[in-house]
């Protein structure tokens, strides 16, 4: 029972860590794109297109991470069968 609790706490810790990490990486991508656009003298409409593409790609990247809910649901039956 104690090891199951520790596993569940690790799942919660890593799943709560994922979203801020992706947001930080996205913010760094926008900042790097802004610096690149400034030095390359890219027009604003092109720059906004690049930023929009980064913004649209955020959700698929976030959803591509392994689902911790599915992982914990898959481990639940084995835990129940161990108890019986």
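The values are calculated or read from the model by the stated rules, or taken from the named source; none is laboratory data. Everything numeric in this text was worked out from a predicted model, so none of it was measured. Counting neighbours? That spans all protein chains shown, and the Cβs are built from the backbone with ideal geometry, glycine included.
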Pairs returned, first residue in region 3-15 that is closer than 17 Å to residue 63 by Cα, second residue that is part of a helix (DSSP H, G or I) and at pLDDT below 80, beta-carbon separation under 6 angstrom, 6 or more apart or interchain, are 11/68; 11/72; 15/68
Do we find that residue 76 is exposed (fewer than 12 other Cβ atoms within 10 Å of the Cβ), assigned to a helix (DSSP H, G or I) and either at pLDDT below 80 or in contact with a strand residue (DSSP E or B) (Cβ under 6 Å, 6 or more places away or on another chain) (or both) in this structure? yes
Residues of region 16-26 being within 20 Å of residue 52 (Cβ to Cβ) and surrounded by 11 or more Cβ atoms within 10 Å (Cβ to Cβ), which ones? 22, 23, 25, 26
Test residue 42 against the criterion of being more than 14 Å from the chain's Cα centre (by Cα), at pLDDT 80 or above and not in a helix (DSSP H, G or I), and give yes or no. yes
With the checklist (1) surrounded by 13 or more Cβ atoms within 10 Å (Cβ to Cβ); (2) in a helix (DSSP H, G or I) in hand, flag the one item residue 35 doesn't pass. (1)
